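The values are calculated or read from the model by the stated rules, or taken from the named source; none is laboratory data. Note that the structure is predicted; figures quoted are calculated from it, not measured. Quick reminder, even Gly has a Cβ in these numbers, built from the backbone with ideal geometry, and neighbours come from all protein chains shown.
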Amino acid sequence: MSVGCEFSLAHYRELVEAAKAGGYRFADFERAPQPGDLLLRHDVDLSLEAAVELARLEAELGARATYFLMTESVFYNLDSALGRETLATLRDLGHRVGLHAVWPRAELDARFEPVLAWHNPDPEYMRAPVDGAVNVMQEGFFDPARYRSDSNQHWRSGCPHDELAAGRFDWLQLLVHPEIWVYDGATMRETMSSQLDAERELRWQQLAENRIDLDG
Ligand SMILES: [Zn+2]
Ligand SMILES: [Zn+2]
């Protein structure tokens, strides 16, 4: 990882600019990747707010991504007003929405494009085809040499910004978790601490909105 590859919105902006400089086109999972494609994938594990913030930055930069949202997350509720608003906002910004599914339930409804990414998958089913949907890790969409992931702030093969700028991948599936970049921190623990601080403020607001008496 070169100097300056921190997990921040500033560097995420550089990463997207690098892809543009390298001549990549922002592609989705509706067809198998072709030369020149960048499949920007976001698994939304923890925070709808972070997803929307990243989505706005991408729209500003002319980038398009696919956001994979959970229907059974312990961290957010897609059926809440905020969840419905998030779905609409992501689409308004030009992005696509797939299902971030928990094995074995591949229950895609009208809220999702027919594309799915398993949450924390085990190797046994990770790459198996799914009825009626594209599995982002299935053959044709996943290739270890054309895949980078920021999981837990750890790029297994390095931050790809230099290689993107140089056009060194013929195509790339890039998995980025929004929370990691939106909230500040030099380690996952610090980043999660920043997220929890932000959510504490939000929770106070939500308590007031739910008519909880906070005057005592
Ligand atoms: Zn970098
Ligand atoms: Zn996940």
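Any residue at all in segment 113-136 that is more than 16 Å from ligand 2 (Cβ to nearest atom), surrounded by fewer than 18 Cβ atoms within 10 Å (Cβ to Cβ) and assigned to a helix (DSSP H, G or I)?
yes
Does any residue of segment 156-166 turn out to be part of a loop (DSSP other than H, G, I, E, B) and touching a Cys at 6+ places or on another chain (Cβ under 7 Å)?
Within segment 156-166 (the criterion being part of a loop (DSSP other than H, G, I, E, B) and touching a Cys at 6+ places or on another chain (Cβ under 7 Å)), the answer is yes, since at least one residue qualifies.
When both residues are 6+ apart or on different chains and their Cβ atoms are under 7 Å apart, which pairs have a first residue that lies in segment 41-58 and is within 19 Å of ASP28 (Cβ to Cβ), and a second that is of a type in the set (A, V, I, L, M) and in a strand (DSSP E or B)?
ARG41/ALA117; ARG41/LEU174; ARG41/LEU175; ASP43/ALA117; ASP43/LEU175; VAL44/LEU69
Hey, among the residues in segment 1-32 that are among the small types (Gly, Ala, Ser) and near ligand 1 (Cβ under 9 Å from one of its atoms), which one's surrounded by the most Cβ atoms within 10 Å (Cβ to Cβ)?
Only one residue tops the list, namely ALA18.
Can you name the number of the only condition in (1) free of Cβ contacts under 8 Å to residues at least 12 places away in the same chain; (2) within 16 Å of ligand 1 (Cβ to nearest atom) that PRO123 fails?
In the conditions (1) free of Cβ contacts under 8 Å to residues at least 12 places away in the same chain; (2) within 16 Å of ligand 1 (Cβ to nearest atom), PRO123 misses (2) alone.
If you check GLU190, GLU139, GLU209, GLU201, which single one turns out to be free of Cβ contacts under 8 Å to residues at least 24 places away in the same chain, among the acidic types (Asp, Glu) and closer than 25 Å to LEU38 by Cβ?
GLU139
Look at GLU58 and say whether it is charged (D, E, K, R), within 24 Å of THR191 (Cβ to Cβ), touching a Pro at 6+ places or on another chain (Cβ under 9 Å) and away from ligand 1 (no atom under 16 Å from the Cβ).
Spelling it out, it is not the case that GLU58 is charged (D, E, K, R), within 24 Å of THR191 (Cβ to Cβ), touching a Pro at 6+ places or on another chain (Cβ under 9 Å) and away from ligand 1 (no atom under 16 Å from the Cβ).
Just checking, how many residues over segment 78-114 are aliphatic (A, V, I, L, M) and either in contact with a His (Cβ under 8 Å, 6 or more places away or on another chain) or farther than 17 Å from ASP45 by Cβ (or both)?
So the count comes out to 8.
Of all the helices (runs of 4 or more DSSP H) wholly in segment 3-111, which have at least 3 residues that are closer than 25 Å to ASN152 by Cα, within 16 Å of ligand 2 (Cβ to nearest atom) and not polar (S, T, N, Q)?
Those helices (runs of 4 or more DSSP H) span 48-61.
Mind listing just one residue for me: the one in segment 144-185 that is within 15 Å of ligand 1 (Cβ to nearest atom) and of a type in the set (Ser, Thr, Tyr) and, of those, modelled with the highest pLDDT?
SER149
Looking only at segment 137-155, filter to residues that are in a strand (DSSP E or B) and not charged (D, E, K, R); which one of those is surrounded by the most Cβ atoms within 10 Å (Cβ to Cβ)?
Checked segment 137-155; the qualifying residue surrounded by the most Cβ atoms within 10 Å (Cβ to Cβ) is TYR147.
Starting from segment 146-174, take each residue that is in contact (Cβ under 8 Å) with a residue 60 or more places away in the chain and farther than 16 Å from ASN120 by Cα and list its partners that are among the β-branched types (Val, Ile, Thr) and within 16 Å of ligand 2 (Cβ to nearest atom), counting only C-beta distances under 8 angstrom and pairs at least six apart or across chains.
Hits for this filter: GLN173/VAL136.
Report, ordered by the first and then the second residue, all pairs with beta carbons closer than 9 Å, sequence separation of six or more or different chains, a first member in segment 100-118 that is within 15 Å of ASP28 (Cβ to Cβ), and a second member that is modelled with pLDDT of 95 or more and within 16 Å of ligand 1 (Cβ to nearest atom).
If the second residue must be modelled with pLDDT of 95 or more and within 16 Å of ligand 1 (Cβ to nearest atom), the pairs left are ALA117/LEU175.
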